[in-house]
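What follows draws every value from the coordinates through simple rules; no lab data is involved. The shown structure was predicted, so the numbers you read here are calculated from the model rather than taken from an experiment. Every residue, glycine among them, receives a Cβ derived from its backbone with ideal geometry; neighbour counts consider all protein chains shown.
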Amino acid sequence: MPAADWTKIEALPAIPLKSLFADDPDRVTRFSADVAGIHFDWSKTHLTAEAVSAFEALAKAQGLAGKREALFAGEEINVTEGRAAEHTAERGEGKADSVARARALHARMRALIDAIEGEALGPIRHILHVGIGGSALGPDLLVDALGREAGRYDVAIVSNVDGVALEEAFARFDPAATLLVIASKTFTTTETMLNAQSVLQWMTEHGVEDIYGRVVALTADPDKALEWGVDETRILPFSESVGGRYSLWSSIGFPAALALGWDCFEELLEGAAEMDRHFRLTALHENAPALAAFADLYYTQVRHAETRATFAYDERLRLLPSYLQQLEMESNGKGVTTDGKPLGRPSAAITWGGVGTDAQHAVFQLLHQGTHLVPVEFVAVIEAGDTLAEDHHRQLLLNAFAQGAALMAGKQVEDPARSYSGDRPSSTILLDDLDARSLGALIAFYEHRVFVNAILLGINPFDQFGVELGKEMAKAAIAGGQSFDASTDDLIKRAFG
Ligand code: F6P
């Protein structure tokens with residue numbers, strides 16, 4: 001395998017965006033893609049045909065095609081943990097026996113949903129899902145984005161160990177009509193286990209009988225759930241090879257499937273599978289996740305952009321930026337390569353963002369005139385989510401498009417304070433409509449983009465050892481009797497005497 005050659009990429013000329021458009025009347029077509037009802041436009045980035053070829057050469061040197069096949073074939077590509085990364089098998093795209101297992105586990109999940117709908121657990125109106133990180137962000141995004149019209153159950157996804165979060169849910173919910181859903185891949189996460197315990201206590205205090213009869217566990221370690229007291233019939237396992245931040249397709253998606261309906265959940269999986277096939281079978285110069293990753297790498301590696309911002313110009317997608325933060329930063333925020341060598345270059349950009357148009361009146365000042373280079377991504381939906389007069393949605397979309405145009409065009413006037421340098425990159429992701437299918441495809445697009453970024457950098461995107469040290473020290477602090485540094489000891493003393 002030829003060595004990774006970044007020199008060609010690092011030597012790419014910095015051509016202003018305006019010149020790129022002036023020199024190529026087909027630029028929009030050349031740097032856009034349409035997949036699964038989603039239009040992707042990278043024409044306002046500095047990607048050029050030359051840059052794409054240089055990245056294709058790097059992809060070849062880094063063995064992207066083979067690693068992509070290994071991902072779908074269920075090989076052990078998560079080398080540091082000695083396991084496969086089989087989120088695509090959950091949507092039917094993977095090794096035959098893994099797909100069969102995922103289908104069987106989905107069938108189990110569906111049977112439990114049918115039983116709950118049939119009131120086998122008594123009348124349930126409220127779903128209290130406790131989980132954190134990948135065991136919360138995915139279901140939360142799904143329910144928030146697609147749940148407006150569902151209205152089948154009230155859902156609260158509580159992640160924080162701060163009791164305020166649980167008390168907010170308690171204030172809304174009737175303990176006698178609440179289903180406790182404990183979502184934890186490991187079934188050991190301290191925040192989740194404490195939250196689950198407190199929900200049971202709240203039910204007990206309100207006279208609910210047979211509290212364990214109202215508990216569902218979503219986990220890759222069913223034995224632990226059993227030990228904890230969850231009835232075997234209400235444990236919905238998923239495979240160890242499905243990573244936490246890639247797990248919304250598995251039983252971790254249970255609250256969404258229950259609240260939105262099984263058909264909706266299946267459409268989500270189908271949309272993701274369509275993106276999987278596109279990613280797997282399309283040449284890199286037309287491949288949406290690959291092109292997006294090439295632009296990401298151009299800005300982090302060549303232009304030294306330290307952050308990238310995603311703005312959802314759709315209230316229904318307001319949780320997308322936080323979902324992406326975990327997906328991208330927990331996957332690719334690493335300092336060593338897969339074989340343990342120092343990375344020696346920037347890893348993933350710091351991912352942040354917000355909701356348009358709100359963000360325009362808050363953080364866009366820095367994007368237009370600040371000294372940081374921040375590639376911006378706009379995510380918008382053509383079909384309105386509201387039923388108000390058309391003006392609202394029209395204004396929303398046109399604001400998104402105008403911001404991209406302004407970032408690129410800039411404006412030079414005599415007064416420097418009122419001038420805009422322009423030539424600031426943005427990309428746009430435009431969904432025809434926001435439904436389960438397009439949302440599934442969108443999330444799968446982001447997963448594969450993270451994968452391409454990782455492979456080109458030589459990173460394993462599927463482990464997350466960086467979170468362990470903080471967990472260990474928090475456990476030691478909670479156990480007590482341990483001395484840390486003078487500052488930390490002082491803070492503990494101030495808080496607890
Ligand atoms: O601390 C990070 C992490 O391990 C995430 O990767 C994971 O999504 C989250 O914690 C929750 O873990 P679990 O599902 O095992 O409770």
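Quick notes on this one:
- Helices in the chain, meaning DSSP H runs of at least 4 residues, each add -39500 (n - 2.57). Divided by all residues, the mean residue ellipticity at 222 nm is -13500 deg cm²/dmol.
- Residue by residue, the range 39-50 carries 3J(HN,Hα) couplings of 9, 10, 10, 10, 5, 8, 9, 8, 4, 10, 4, 5 Hz when phi is fed to the Karplus relation 6.51 cos²θ - 1.76 cosθ + 1.60 (θ = phi - 60°); x denotes Gly or Pro.
- Between Thr29 and Ala57, the contour length at 0.36 nm per residue exceeds the alpha carbon distance by 7.8 nm.
- Here Thr190 and Asp5 are evaluated by their C-beta separation; at R0 = 60 Å the FRET efficiency comes out at 0.85.
- Rounded to whole Hz, the Karplus (6.51, -1.76, 1.60) HN-Hα couplings of the range 343-359, x for glycine and proline: 5, x, 7, x, 8, 4, 5, 5, 9, 9, x, x, 10, x, 8, 3, 4
- In a reduced charge model with +1 at each Lys and Arg Cβ and -1 at each Asp and Glu Cβ, the chain shows a dipole moment near 1060 debye about its Cα centre.
- Here the gap between Ala384 and Lys411, fully extended at 0.36 nm per residue and compared with their Cα-Cα distance, gives a gain of 6.6 nm.
- Three-way shape call for the range 95-260 based on the alpha-carbon gyration tensor, with the a/c threshold at 1.5: rounded
- Amide H contacts for Ile127 (H built 1.01 Å from N in the peptide plane; partners 5 or more residues away or on another chain; cut-off under 5 Å): Asp154, Val155, Ala156, Leu179.
- For the peptides 455-461, 397-403, residues were scored by their other Cβ atoms within 10 Å and the scores averaged per peptide; the highest-first order is 455-461, 397-403.
- Length-normalised contact order of the chain in % [C-alpha pairs under 8 Å, at least 6 apart]: 19 percent
- Taken along the Cα-to-beta-carbon direction at a fixed 7 Å, the label points for Ala486 and Glu168 span 3.9 nm.
- Here's the picture: charge each Lys and Arg Cβ at +1 and each Asp and Glu Cβ at -1 in the chain, and of Ser487, Ala477, Val99 the one pushed furthest to the positive end of that dipole is Ser487.
- Residues whose placed amide H lies under 5 Å from that of Leu434, excluding near-sequence neighbours: Glu383
- Structural descriptor for the range 354-497: relative contact order 22 percent, calculated from alpha carbon pairs under 8 angstrom and at least 6 residues apart.
- With R₀ fixed at 35 Å, the C-beta to C-beta distance from Tyr420 to Ser322 puts the FRET efficiency at about 0.75.
- If the chain linking Leu398 and Arg125 were pulled fully straight, counting 0.36 nm for each residue of separation and taking away their Cα-Cα distance, it would gain 94.3 nm.
- Normalised by residue count, the chain yields a Cα convex hull volume of 177 Å³ per residue.
- Each Lys and Arg Cβ is given +1 and each Asp and Glu Cβ -1; about its Cα centre, the range 95-260 then shows a dipole of about 660 debye.
- Protection proxy ranking, peptides 104-114, 311-321, 68-78, average beta carbon neighbours within 10 Å, highest first: 311-321, 68-78, 104-114
- Cross-link partners of Lys224 among lysines (Cα-Cα below 17 Å; sequence separation of 8 or more within a chain): Lys185
- Oblate is the label for the range 1-80. Its Cα gyration tensor axes, ordered a ≥ b ≥ c, give a/c of at least 1.5 and b/c at or above a/b.
- Shape call, the range 371-445: gyration tensor on alpha carbons, a/c limit 1.5: oblate
- Residues with amide H under 5 Å from that of Gly353, placed H, sequence gap 5 or more: Thr310
- Counting every other Cβ atom within 10 Å of each residue's Cβ, Glu232, Glu330, Glu286 order from fewest to most as Glu232, Glu286, Glu330.
- Dipole magnitude of the range 1-154 about its Cα centre (Cβ charges: Lys, Arg +1; Asp, Glu -1), debye to nearest 20: 120 debye
- Sequence ranges 198-206, 361-369, 347-355, 254-262, ranked by mean other-Cβ count within 10 angstrom, highest first: 254-262, 347-355, 198-206, 361-369
- Karplus 3J(HN,Hα) series, Hz, for the range 295-306 with 6.51 cos²θ - 1.76 cosθ + 1.60 (x for Gly, Pro): 5, 4, 5, 4, 6, 6, 8, 9, 9, 6, 5, 8
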